[in-house]
Structure formats: structure tokens, C-alpha cells
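The values are calculated or read from the model by the stated rules, or taken from the named source; none is laboratory data. Fair warning: this is a prediction, and the values are worked out from it, not measured in the lab. Because the Cβ atoms are built from the backbone with ideal geometry, glycine has one as well, and the counts that use them run over all protein chains shown.
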Amino acid sequence: MDQLQQAKILIADDSAVMRVQLRHSLEELNLGTVIDAENGLSAWDELQRDDFHCLVLDWEMPGLDGIQLLERIRKDEKLKDLPVLMITIHSDQKKIMQAMQQGVKGYIIKPMNSQILQNKVLEILKEAPTLPHL
């Protein structure tokens with residue numbers, strides 16, 4: 001089985017339209033599983049329930065926002081090394097630095113190009129420690 005078909009990606013975004021767009025872009029890569037969550041709390045529940053190779057994370061979400069979820073992930077022994085790709089409207093350098101300090105593997109500003117998303121996710125998956133090398 002191709003390594004990409006073993007990959008499990010979690011999308012966390014409060015916009016249903018954005019989740020559909022992200023899912024469609026990622027499914028074009030023939031990944032094994034793409035699951036989405038409508039907010040940070042739902043994403044946290046998914047992360048506790050299953051193992052993922054990458055999290056595609058929106059910053060602005062109600063309840064538990066992207067940076068709060070990222071902080072929670074980095075404090076969790078099981079999840080601390082999970083590769084995270086931040087997708088957000090924030091282009092402010094302070095916000096980008098805040099995300100980078102939390103160890104995101106990439107930062108894409110919305111609106112985004114599907115090809116950029118796909119390339120970044122493939123790059124992240126190639127480095128994923130729990131996925132056989134691509």
C-alpha cells in the first residue's frame with residue numbers, strides 16, 4: 001500500500017465551506033483518511049480518539065481557537081510532536097511568529113491556493129515520524 005494511502009489528516013475549521021474545500025483538496029492526493037472537526041474542542045476529541053499524521057488547523061474558531069488547541073497539543077505527551085499546518089486569515093507578523101513558536105510546520109494565509117495546500121501537506125507527511133517514508 002502506498003504510504004499516502006496510510007496517512008490520516010485532521011482538518012479543524014469552523015467554516016463548513018472551508019472544511020469542504022480543504023477536504024476536497026486533500027482527497028485529490030489520495031490520502032487514506034481525511035476527517036474534519038468544526039471547532040477546536042471537536043478536534044481535541046478526535047485527537048484523543050485516534051492517531052493522525054497531520055493537523056490542518058484554522059486559527060479563528062469559537063470555544064477553543066487554533067492557537068489554544070496548538071498549545072494544548074504541545075503540552076500533551078502523546079501529541080506534542082504532531083505536525084500542524086496553520087491556515088488562517090492572519091497575515092500579521094506577530095501572529096505568524098506566535099504560531100511558529102508553537103512549532104507549526106507551515107502557515108498558509110487565506111484565501112489559499114489548493115496547490116500550495118497540497119504541496120505543504122505532502123512536505124509535512126514526508127517528515128511525519130509515524131508514517132513510513134514516502
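When L55, L41, L22, L26 are checked against the criterion of being in contact (Cβ under 8 Å) with a residue 24 or more places away in the chain, outside any loop (DSSP other than H, G, I, E, B) and within 13 Å of L69 (Cβ to Cβ), L55 stands alone in meeting it.
Does V104 satisfy the condition of being surrounded by 15 or more Cβ atoms within 10 Å (Cβ to Cβ), in contact with a Leu (Cβ under 8 Å, 6 or more places away or on another chain), β-branched (V, I, T) and closer than 19 Å to Q21 by Cα? When the stated conditions are applied, V104 does not pass them. Whenever a residue of region 63-74 is more than 8 Å from W44 (Cβ to Cβ), its partners that are buried (at least 22 other Cβ atoms within 10 Å of the Cβ) and among the charged types (D, E, K, R), lying with C-beta atoms within less than 7 angstrom and at least six residues away or across chains, give the pairs G66/D58.
Annotation: P111 fulfils all but one of (1) surrounded by 14 or more Cβ atoms within 10 Å (Cβ to Cβ); (2) more than 17 Å from L10 (Cα to Cα); (3) not β-branched (V, I, T); the unmet one is (1). Inclusion of L22 among residues that are more than 14 Å from I9 (Cα to Cα), modelled with pLDDT of 95 or more, among the aliphatic types (A, V, I, L, M) and within 15 Å of the chain's Cα centre (by Cα) is not warranted.
Residues in region 29-38 that are part of a loop (DSSP other than H, G, I, E, B) and either polar (S, T, N, Q) or modelled with pLDDT under 95 (or both): L29, N30, L31, G32. Scanning region 43-70 for residues that are loosely packed, with under 13 Cβ neighbours inside 10 Å and either under 18 Å from K105 (Cα atoms) or out of contact with any strand residue (DSSP E or B) (no Cβ under 9 Å at 6 or more places or on another chain) (or both) yields Q48, R49, D51, P62. The residue of region 1-13 that is nearest to the chain's Cα centre (by Cα), among those that are assigned to a loop (DSSP other than H, G, I, E, B) and farther than 18 Å from R72 by Cα, is A7. Scanning region 74-101 for residues that are out of contact with any strand residue (DSSP E or B) (no Cβ under 7 Å at 6 or more places or on another chain), surrounded by 15 or more Cβ atoms within 10 Å (Cβ to Cβ) and either of a type in the set (D, E) or not in a loop (DSSP other than H, G, I, E, B) (or both) turns up R74, K95, Q98. Sort out which residues of region 52-64 are within 13 Å of the chain's Cα centre (by Cα) and of a type outside the set (A, V, I, L, M, F, W, C), and write them in order of number. Result: H53, D58.
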